[in-house]
Structures are given as structure tokens and as C-alpha cells.
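What follows is calculated from the coordinates using simple rules that are stated; it is not laboratory data. Predicted model, so just to flag it, every value in this text is computed and none were measured. No Cβ is skipped: glycine too gets one built from the backbone with ideal geometry, and neighbour counts run over all protein chains shown.
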Amino acid sequence: MLSPPAEAYTRAAGAGAEGTPRPQPRLVALGGGTGLPVLLAGLKAARGGAAEGETDRERLTAIVTVADDGGSSGRLRRAYGMLPPGDIRNCLLALSERGGTLAALFGYRFNGHGEISGHSLGNLILAALSHLESGFERAVERAGDILGATGRVLPATSRPVGLEAEFDDGSRVEGESRIAAHRRRIRRMRLTPGRSHALPQALRAVAEADCILIGPGSLYTSLIPVLLTRGLPRAIARSGARVVLVMNLMTEPGETDGYDARDHLLALRGHAPRLPVHDVIVNSTPLGEPVRQAYAAEGSHPLPVEADALSALGCQVWTADLLAAGPRVRHDPHKLARVILELAGSPMSGAGAA
């Protein structure tokens, strides 16, 4: 069990020898969906003072999947040939220091039956900025300036990519939004086109990182797509950074039915054999029975975790209360951030080689 949160924060980001704030490590977080913004929001709130000559944005970088093809993002992608903005918008909002009306505008979603129904205003702003700024990466940077983001948000690749799933029965389906609906066990994921290289800025962020965080998030449609971008797993392996997997709380219907924590790790390594994982963070708090039953009715169950099985794969296992209050099963951003800061400030066991 990890130390209490207050002690964890003191150890990881406390005062230095002369009373000056000790800089937090450079963190890079990979993923997308709803999990990555939760992690970023917690890390933003728990951040410490920046070292001299260093900015907040250089100390926290999100590398985000761009394989989404559903909803507002998918419509904009098809209409303008742009990268899907939705996951990136959510990460920018999680890192924003300018709340109130501005953040509400970026998060606003149009209702009704008109042409813009279902669109997020933040997605439309990113679409406009991609034309004004002559490129999507620059548009994301500009949106970060507008929102006062305390970290960088980078698309995993500059090319519009799709996802193809191959199932155990040999059948295949293309399209991120269609994969879970087939409810079949996934054998292999591929990016289309296959030669989609990681963004150079993402590779540089990884090379300079002290700690690289994977998850939480949908295993096959948020985490693995980032790791399929060419050059990124090799860059992670060569960086020497500590690599931490934040394990999901629940199985995901249509993606990880019947999976346990070990299956998640093996799936990551199966798609990115060079990937080292040194540490795995897991939740120790059981769900209440009403919540468990409500999720079971939707085909989702608490993810089984066998610490010995993860240790046998070369990982150090960290357990802590990570559960957010309320009827929805979510990681608490502040609890998760405090655990990560403690972990990043502790000695590495030397395990985790792929």
C-alpha cells in the first residue's frame, strides 16, 4: 500500500534543500478517450514549481490518439480531411487554467436538428484554427495558448489514421467507432495507413521524459493506437524513462470482456514488443454492490488483478485507493496524481524489461 496522499506529495514535489520547490519530473502521458483527461486534470492540480528556464508545458505532455471516427470528430474529419479534434479538445480543457466562460465555450455541444447539431464548439474552433494557423498541430498549440493550458497536447501522428481490428475468428472490421459493437475477442489492431510516423515533437517529449504514463483508457481504441505510431515504442525504450501503466478499473464491453490485468499488459506488449513497463498502478478499493450490479447489467465488471502475475512479467505493482466518489466508476484525478508523484519520486526496482 502506498503512503498517505499528503506524504506522497511531499516526497515527490516537496521543498528542496534551501526551501525552494523541487521540480516535478517531466511527465509524458499517452492515450485518449475519457481516461487521459482525468489523469491530466489531477496532474495539473498537483503540479509544483518549475525549474529555472523551464515552463509548465515542458514538464507535462499528452500524446493523444487521432484514430477517432465517430461523433462530431468523425464528421469534421470526413468534411475537412483534418485530424479528429475531440480527444485533443478534452485534454486541452483538462489542462486549462482559464475556467469559466472560455472553458464552457470550448466544451459546449450544440443540440437540436440543424447542421451543427451534435458538434462541440471546441471542435469547431480547432477546425477553424487549423485553417488559420496552417496546420492542425499549430492549431492545437494556439488553442492551448487561448485556454492557458499548463501542459502540451500533441497528436500522436500528423496523418489522418483509421483503426482496423482483426478478431480471433479471422474476421476484420475498420473504424474505431465500430469495433466494440462486434463483441468479439480482438487478436490484432492495425493503423491504416500502416506507415504513420509519430509526430517529431512527440518523439522529443518522450526522449526528454523522466516518467511515461500509459492509461487509463480503452485498451484497443485509445492506448494501443498511440503505441502503433511508428517510432514511438522504440523512442520510449531508448529514453530510459520510467514507464508506468495505470490499470483500468473495469472491463470494457466489446473490447476487454473476460480480461484481467495481465491480459492488458500482454496485449500492449503484443502490439509494441519493444515497450518496457516498469510499474503498474491498480486500485485497491472494492465497488459497492449496487454500482457493481448496475455495471454488470451493461456487461462491464471490475478488472481482476493478480499482483503475482504482473510481477512475473517484470513489473512492480502499486496499489492504492483510486476510486472517485459517485455512482460512476472513475479514477479520482487527485488520488491518481498523488500516487504517480510518489511513484516517480521513488527508486525504480530495475524490473520492466520487455
On full extension of the chain, what length is gained from Glu58 through Glu97, given 0.36 nm per residue of separation minus the C-alpha to C-alpha distance? 12.5 nm
Spelling out what I want: for every residue of the range 301-307, take phi, set θ = phi - 60°, compute 6.51 cos²θ - 1.76 cosθ + 1.60 (Karplus), and round to whole Hz; glycine and proline get x. 9, x, 6, x, 10, 10, 4
Taking only C-alpha pairs under 8 Å that are 6+ residues apart, what is the relative contact order of the chain in percent? 20
Over all directions, average the projected area of the Cα convex hull of the range 122-241 and note it in nm². 8.7
List the residues, sorted by chain then number, that are 5 or more residues from Thr192 or on another chain and whose placed amide H is less than 5 Å from its amide H. Gly162, Leu163, Glu164
From Cα pairs below 8 angstrom and at least 6 apart in sequence, can you work out the relative contact order of the range 119-273, rounded to a whole percent? 20
Burial ranking of peptide ranges 270-278, 84-92 (average Cβ count within 10 Å, highest at the top): 84-92, 270-278
Pull up all non-local amide H partners of His197: gap of 5 or more, or a different chain, and H-to-H distance under 5 Å with H placed in the peptide plane. Arg230
Helix-derived [θ] at 222 nm for the chain: sum -39500 (n - 2.57) over DSSP H runs of at least 4, divide by residue count, nearest 500? -11000 deg cm²/dmol
Gain in span if fully extended, Asp263 to Arg188, counting 0.36 nm per residue against the direct Cα distance: 25.7 nm
Taking one equal scatterer on every alpha-carbon of the chain, how large is log10 of I(q)/I(0) by Debye at q = 0.15 1/Å? -1.41
Most positive-pole-ward Cα, Pro200, Leu265, Ile236, against dipole of the chain from beta carbon charges: Pro200
Modelled label-to-label distance, Leu105 and Ala296, 7 Å Cα→beta-carbon offset: nm? 4.8
Charge-dipole axis of the chain as Lys and Arg at +1 and Asp and Glu at -1 on Cβ define it, positive-most pick from Ile146, His131, Leu336: His131
Once the piece of chain linking Ile116 and Val173 is laid out straight, how much longer is it, given 0.36 nm per residue of separation minus the C-alpha distance between them? 17.7 nm
Percent of beta bridges antiparallel (DSSP, the chain, rounded to nearest 5): 35
I'd like to know which of Leu275, Ala79, Val291 lies farthest towards the positive end of the charge dipole of the chain, counting +1 on Cβ of Lys and Arg and -1 on Cβ of Asp and Glu. Ala79
